[in-house]
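Below is one structure, written out as structure tokens, with a few remarks after it.
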Amino acid sequence: MITFIRETLENLRKTSSMPLSEMVFVLPSKRAGAFLLNELAKISETSLFAPEVLSIEEFTEQISELQLIDNTISLFEFYEAYTKITPEGEREDFETFSGWAQNLLHDFNEIDRYLIDYRPFFDYLSGIQDIKHWYLRPERTELIEKYLHFWKKLPEYYETLRENLLENGLAYQGLIYRIAAEKIQQYAKKNNRHFVFIGFNALNSSEQEIIHFLLKKEQAEVFWDLDEIFYNDQSHAASIFIRKYLKDWEYYQNKPFKNFGNQYAKAKNIQITGVPKNIGQAKYIGELLGGFDQTTLENTAVVLGEEELLLPVLNSLPPQLQELNITMGFPVKNSPVNSLFESLFLLHTSGTGNYYYKDVLAITDNPCIQPLLKEYGTQLTREIHSGNLVYLSFDKICGIFSEDLQILINACFKPKKENVPEFLESLQKIIYEIKEDLKSKNDKLGLEFLYHFHRLFNKLQNLTSQYPHIKNLRTLFGFYKELVSTETLDFQGRPFKGLQLMGMLESRALDFETVIISSLNEGVLPAGKSESSFIPYDLKKQEGLPTYLEKDAVYTYHFYRLLQRAKNVYLLYNTEVEGLNSGEKSRFITQLLVEKQEKHHLESQFVSPQVPKFEKQLKEIHKTPEILEKIKSLASSGFSPSALTSYIRNPLDFYVQYILGIRDQEEVEETVAYNTLGTVVHNTLEAFYLPLEGRNLRSEDINSFRRELDKKVSEEFAKTYSPSGLNKGKNLLIYEVARRYIQNFLKFEQQRLLQGDEIQIIQIEKDLRIPLPVEKLDFPVYLRGKVDRYELLNGIPTVIDYKTGKVIEYELAIDEWAEITKDYDKYSKCFQVLTYVNLLAESKDLKFPAEAGIISFKNLKNGFLKFAEKEKGSRKKDSLITQETLAVFREEVKKLICEICDPEIPFIEKEIKKSYGNF
């Protein structure tokens, strides 16, 4: 395949009397310039000096004799100009100013690039705003007056900024273009050289002025890359710009341009593929590349419509790929060290005296810092979880780490109090500490990332010392995010060898036989309406400024230019609907299908990953000798009601929790958890009733409890949850719930006494452990548990279990004893209370008949919910528990324990349909 650049060089060599080495080549990008030199080396038969090759940006800088400044310095310089002409009492602070100044700088840039006469333009813009507000509201408020005053000040802002920059030999890109257009005549006189412009399409007014002037002076040639099919189609967006130049420029009135190519109509294989998700596109690209031979890969370009696809595509490349050249650069914002610095910014901009534990752990758990902290980082995590520390002071954090780590800990956590220089110095100290660790590990990639951040913070330090406008960390964070978003880690490769991986704009003036383009969706390629500007659409159209329509036309040209000389084209789009515009294929694809060329072979298809079908199988764990030993150990220490009901609910849960000893990871409770609420209620009632063991409950006791209620609940929350954090938000509501639960319970107790019940407290929150002889087992078995309350109610032994969750009366009725160890949802409450009765019966002289049941704090209106036995199908209940009742229950428990201990019965997972949480 003959590329456009080679075609142009061959043309020049044949038609020009001037040697190629004496020409100045100007191209859309530096990358295109590098390819030009490579092609020149290939076609040269003898040795020659390399010609001067410039990008259009470098060329305009050379003409203007100005130094380009980036957006960040432009903003600082703009604020300098703003403060110079704005009275002190009317000035906005830098953070507020930067919110609107970025858009205004963008507009200044466009106005300069397109050579707009700024004063009448801004006067017109101010008049539009004036009419708009007069129409909406004839009377002028102070706010409207200030708003309109802002629009009238725009010319002054522009003039002052321009003067300040030019005095120092500086300019933003648009201003460089304007000055270059103004100086082109004197530049051409001084530099009597021949300029060759190659591969341009959408020129701004400044570029048009420069190129057209040089053409008229016979000092330049322009080589447009446009296929005759697009030029002849008056409505095709790919030719909109070039057709305009050929029609409007004076030079082409006498010398019409006729050198259009005819490559697009030639035979091409175009495959249009819909792929679900971006990751799916990346994987499919890897699959396509895996089917190419080495020769094909040498002349293949993968053009990514979204830069987020870079990493997934790199991870999907086939192993046989030998050479790869990546021109996009890897965004450093995606590196682990960036997440560390963002965490540090968030920590120090929180504005509170103490640090939120998640902000602290985000730093100590970061993979860049974690190795430096040794075992102390783990110790900090343990202390946060065990102490339920939602907020930590700097002194608390320092106290955990050793002396040799204090420099790093101070740099990370010492309060900076909005001291911007101190904060930046701390970040540099952290970088130094990480650097030493990475050097010891010979982590070259990590060091490369780290160097980029060192350079970035150096730039911020220089900016803050030169421009004293950043006065707080929040503003600094905004600038950090802006700077880091533009930083990339460049990949090393051989630019002219192997597969080329690039973005759409990087493909300018380049040609490939095989092209793969991803993300061809509306809203991505083309981008659509996505711009921020103070200039309304109508005014842009009137003054010739670019709108989203022109930007779409730019991408149309690049898209079709990639297809012109290609023989095999693969177009991918995302089929998934995940947001605005997603799932809709690009208009470029539709246009290809509608305007199909005779020799084009178009094929449309959908692909999706092959997902193997898995039949859900319930897990089964067979009992090994080690498992049986663990079961014997459990039996010896005692099976608790919660352990046995866990087995009833799901044997696999019992295996995980009680055999393997795996529990849910302990987490910090930012909001009081429901089990914590239950613990507080239980512990408060224990503290009240424990001194009453052995005597009758009296009204005076209840009154005394009520007086101590608030103090006691607060104490229990401090012990169980945290000494702070109950004075606001959800925790305050949960604290009030706990207080109300106990208050209502005490009222319930008082009513029992008033109606004449005699209540003798026998035992409160007693841990019990009893032997349970199981004839079929040759090792001892015990039951253990903690009985919330055992009392004599009017002479009847009564066992009470507290539940802060909701329990309904029918959950305590049993009509089928064989199901009590099988149906968790129906009989788990019966199982628990009968276990407590059994514990008391074996350890105490419990007289029969007795009663047992639950007091549900969420269902207190129904009072004491009693266990009851009934016949199936009957409503008649018997709440008295006899020795015979307990004997039947005991036999069922023995059967259950025999099943647990049986080596032939595996732990088989149950399919859980419902989950109930009662504490």
State whether one or more residues within region 215-226 are of a type in the set (Phe, Trp, Tyr), touching a residue at least 12 places away in the same chain (Cβ under 8 Å), assigned to a strand (DSSP E or B) and in contact with a strand residue (DSSP E or B) (Cβ under 7 Å, 6 or more places away or on another chain). yes
Would you confirm, using the coordinates I've provided, whether residue 604 is surrounded by 12 or more Cβ atoms within 10 Å (Cβ to Cβ), modelled with pLDDT of 85 or more, assigned to a loop (DSSP other than H, G, I, E, B) and out of contact with any Phe, Trp or Tyr (no Cβ under 8 Å at 6 or more places or on another chain)? no
Looking at (1) within 21 Å of residue 229 (Cα to Cα); (2) modelled with pLDDT of 90 or more; (3) over 29 Å from the mean Cα position of the chain (by Cα), which is the only condition residue 555 fails? (3)
Out of region 192-214, which residues are touching a residue at least 24 places away in the same chain (Cβ under 8 Å) and in contact with a strand residue (DSSP E or B) (Cβ under 8 Å, 6 or more places away or on another chain)? 193, 194, 195, 196, 197, 198, 199, 200, 214
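Return yes or no: is residue 197 at pLDDT 95 or above and outside the structural domain of residue 557 (by TED's automatic domain parsing)?
yes
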Would you confirm whether or not region 287-294 contains a residue that is in contact (Cβ under 8 Å) with a residue 24 or more places away in the chain and aliphatic (A, V, I, L, M)? yes
All but one of (1) at pLDDT 90 or above; (2) under 28 Å from residue 93 (Cβ atoms); (3) touching a Phe, Trp or Tyr at 6+ places or on another chain (Cβ under 6 Å) hold for residue 423, so report the exception by its number. (3)
Filter the helices (runs of 4 or more DSSP H) completely within region 1-91 down to those with at least 1 residues that are outside the structural domain of residue 479 (by TED's automatic domain parsing), under 30 Å from residue 464 (Cα atoms) and modelled with pLDDT of 90 or more. 56-64, 71-85
Return yes or no: is residue 792 assigned to a helix (DSSP H, G or I) and out of contact with any Cys (no Cβ under 9 Å at 6 or more places or on another chain)? no
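Any idea how many residues of region 610-626 are in a loop (DSSP other than H, G, I, E, B) and in contact (Cβ under 8 Å) with a residue 60 or more places away in the chain? If you could, list the steps in order and put the result at the bottom.
Initially, region 610-626 is screened for residues in a loop (DSSP other than H, G, I, E, B), giving 610-619, 622-624.
Cutting the leftovers down to in contact (Cβ under 8 Å) with a residue 60 or more places away in the chain gives us 618-619, 622-623.
Residues in region 610-626 being in a loop (DSSP other than H, G, I, E, B) and in contact (Cβ under 8 Å) with a residue 60 or more places away in the chain: 4 in total.
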Take residue 731 and decide whether it is surrounded by 17 or more Cβ atoms within 10 Å (Cβ to Cβ), under 31 Å from the mean Cα position of the chain (by Cα) and either modelled with pLDDT of 80 or more or not assigned by TED's automatic domain parsing to the domain that holds residue 797 (or both). yes
May I ask you to list the residues in region 806-833 that are touching a Phe, Trp or Tyr at 6+ places or on another chain (Cβ under 6 Å) and in contact (Cβ under 8 Å) with a residue 60 or more places away in the chain? 820
Among (1) assigned to a strand (DSSP E or B); (2) modelled with pLDDT under 90, where does residue 915 come up short? (1)
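Quick grid of which residues meet (1) in contact (Cβ under 8 Å) with a residue 24 or more places away in the chain; (2) surrounded by fewer than 18 Cβ atoms within 10 Å (Cβ to Cβ); (3) under 24 Å from the mean Cα position of the chain (by Cα):
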position: 337; (1), (2), (3): yes, no, yes
position: 344; (1), (2), (3): yes, no, yes
position: 357; (1), (2), (3): yes, no, yes
position: 367; (1), (2), (3): yes, yes, yes
position: 389; (1), (2), (3): yes, no, no
Could you check region 538-555 and list, in sequence order, the residues that are in contact with a Ser or Thr (Cβ under 8 Å, 6 or more places away or on another chain) and of a type outside the set (Lys, Arg)? 544, 548
Find the residue count for region 834-878, including only residues that are within 12 Å of residue 814 (Cα to Cα), in contact with a helix residue (DSSP H, G or I) (Cβ under 9 Å, 6 or more places away or on another chain) and outside any strand (DSSP E or B). 2
Only unsatisfied item for residue 751, checking (1) outside any strand (DSSP E or B); (2) surrounded by 13 or more Cβ atoms within 10 Å (Cβ to Cβ), is (2)
Sort out which residues of region 756-782 are under 53 Å from the mean Cα position of the chain (by Cα), closer than 30 Å to residue 900 by Cβ and not in a loop (DSSP other than H, G, I, E, B), and write them in order of number. 765, 766, 767, 768, 769, 782
Go through 426, 440, 507 for me and flag whichever is over 30 Å from residue 238 (Cβ atoms), touching a residue at least 12 places away in the same chain (Cβ under 8 Å) and among the polar types (S, T, N, Q). 426
Given the criteria under 21 Å from residue 513 (Cα atoms), of a type outside the set (D, E, K, R) and buried (at least 16 other Cβ atoms within 10 Å of the Cβ), does residue 634 qualify? no
Filter result for residue 661 (at pLDDT below 90, surrounded by 16 or more Cβ atoms within 10 Å (Cβ to Cβ) and either of a type outside the set (Asp, Glu) or within 27 Å of residue 791 (Cβ to Cβ) (or both)): no
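Determine, yes or no, whether residue 55 is of a type in the set (Gly, Ala, Ser), surrounded by fewer than 21 Cβ atoms within 10 Å (Cβ to Cβ), within 17 Å of residue 223 (Cβ to Cβ) and in contact (Cβ under 8 Å) with a residue 60 or more places away in the chain.
no
The values are calculated or read from the model by the stated rules, or taken from the named source; none is laboratory data. Just so it is clear, the model here is predicted, and its values are computed rather than measured. Ideal geometry is used to build each Cβ from the backbone, glycine not excepted, and the neighbour counts take in all protein chains shown.
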